[in-house]
Ligand code: NIG
Ligand code: FE
């Protein structure tokens, strides 16, 4: 409710179980990844967009003045989910390719034949500025309905100056946190990857750095090698963007060593990462972002998540939402995959897509926890136990989403 002085208060009351990752350090790793606090019969008080208090109903003090109430009887509350890796700005779809893959074609073959990412590049260039804004709005609506209140999205389907910048601006306008993924693949106008990186750094980065917060590169055969990725990320870091990488999706080409060397925020995918890579990551501050929906969608091996957690790697979970390798915007589905395929506990999965994901986005002080001073972003689950988040595979578990202290979505 907005009061005469413009301030607003919302009391979410009678919550059956409220759960939040504990502690104040991030990212959480090792044993502490599974440390969550569960409060039974709880409330959350939101004031002016922030959580001002969390506690048990029986400890709730008398609240005077105008206040809106949200009855959460029979429901559980978790922090608003944080999706730290999406490609939510794209034109067209890849449903044709999906059918071809179902009939046996491989993702890499389709990419090498000029389909895959490049077919989305063609559709994205044709979409125009308004088309891209509309696409982000639509995808953001899907994410919100799945409980995501903070999301990152990458460019990388423009690969020319105009469309890369239009993509980053559309993401910003749609409430997302933009990442410059100019180095996603080499577009047809360029003969080789080095020439294309020269173009990106000279012609696109100066404008991209004014809109994006981070930069990302796809290190893979047929995309960019480590030397090209280093040159791109060092220049992006100079321009003020936080470095991130797509690495070890199909092959271990050295993305982890590069991530550690340049102090990247994260290295994402890691389906092909073995013991040596896990060792290097565990001794670093780089977060390993795991994308099990992408491994499932492409029928690839899952990353060695359990070994990573045991070794002390700081991991996060994300959807990788995109039209080709992971047409899935749901972090609850990702949590289900994390528990069934990656052998994480529901507690570990929750921390990985809240507080640790917020750390990857440089927002660990604001997002990913239900505690005083954090953004008033929370999800009400229509479930008697919060672990239904991961347990009810693709079920209608999200009942309502509060964002910035306002009810933003309701089933
Ligand atoms: O993270 N691996 C590279 N990029 C995306 C896929 C993009 C696409 O297929 O359109 C990913 O999986
Ligand atoms: Fe990705």
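For the Cα atoms of the chain, what angle does the longest principal axis make with the long axis of helix 117-145, in degrees from 0 to 90, nearest 10? Between the helix axis and the principal axis of the chain, the angle is about 10 degrees.
For region 322-411, the relative contact order comes to 24 percent (Cα pairs under 8 Å, sequence separation of at least 6).
For residue 191 and residue 41, FRET efficiency with R0 = 60 Å and r from the beta-carbon atoms, rounded to 0.05?
Efficiency computed from Cβ-Cβ geometry: 0.35.
Residue exposure proxy: 44, 186, ordered by other Cβ atoms within 10 angstrom of their Cβ from fewest to most, comes out as 186, 44. Here the Debye sum runs over all C-alpha atoms of region 144-277 as equal scatterers in vacuum, and log10 of I(q)/I(0) at q = 0.11, 0.16, 0.19, 0.20 Å⁻¹ comes out as -0.37, -0.76, -1.04, -1.14.
Based on the reciprocal of the average 1/r between different C-alpha atoms, the Kirkwood radius for region 92-164 equals 13.8 Å.
Antiparallel beta bridges, as assigned by DSSP with both residues in the chain, represent about 50 percent of the total such bridges.
For region 286-309, backbone nitrogen atoms closer than 19 Å to the point 7 Å from residue 25 Cα along Cα-to-C-beta are found at 286-288, 308-309. Measuring nothing but how far apart in sequence close Cα pairs (under 8 Å, 6+ apart) lie, relative to its length, region 221-363 scores a relative contact order of 17 percent.
As a proxy for reagent exposure, 85, 359 were ordered by neighbouring Cβ count within 10 angstrom, fewest first; the result is 359, 85. One compactness figure for the chain is 0.97, namely its Cα radius of gyration divided by 2.2 N^0.38 Å. Using every pair of separate Cα atoms, the Kirkwood estimate puts the hydrodynamic radius of region 240-387 at 15.6 angstrom. For the chain, the longest principal axis of the alpha carbon atoms and the long axis of helix 331-340 meet at an angle near 80°. The label-point distance for residue 109 and residue 56, in a model that sets each label 7 Å from Cα toward Cβ, rounds to 6.2 nm.
Going from the residue with the fewest nearby Cβ atoms within 10 Å to the one with the most, 142, 409, 386 rank 142, 409, 386. Against the compact-protein benchmark of 2.2 N^0.38 Å, the Cα-based radius of gyration of region 1-153 scales to 1.49. Adding -39500 (n - 2.57) for every DSSP H run of four residues or longer, then dividing by how many residues the chain holds, sets the calculated 222 nm ellipticity at -9500 deg cm²/dmol.
For region 1-76, the C-alpha radius of gyration sits at 1.28 times the compact-globule guess of 2.2 N^0.38 Å, with N the residue count.
For region 1-149, DSSP calls about 70 percent of its internal beta bridges antiparallel.
Over all orientations, region 205-311 has a Cα convex hull whose mean projected area works out to 6.8 square nanometres. Of all DSSP-defined beta bridges confined to region 213-341, some 5% are antiparallel rather than parallel. Computed from the Kirkwood radius of its Cα pairs, the Stokes-Einstein diffusion coefficient for region 114-221 at 4 °C and 1.567 mPa s stands at 92 µm²/s. Measuring between their Cα centroids, region 192-249 and region 364-411 lie 34 Å from each other. Computed from Cα positions, the angle between helix 226-238 and the longest principal axis of the chain comes to roughly 50 degrees.
Given Cα pairs under 8 Å that are at least 6 residues apart, what percent is the relative contact order of region 123-200?
Once normalised by length, the contact order is 30 percent.
Principal axis analysis of the Cα atoms in region 351-411 yields extents of 31, 25, 17 Å, listed in decreasing size.
Each value in this text was obtained by applying a stated rule to the coordinates, not by laboratory testing. This structure is a prediction, so every number in the text was calculated from the model and none was measured. Glycine gets a Cβ as well: all are built from the backbone with ideal geometry, and neighbour counts include every protein chain shown.
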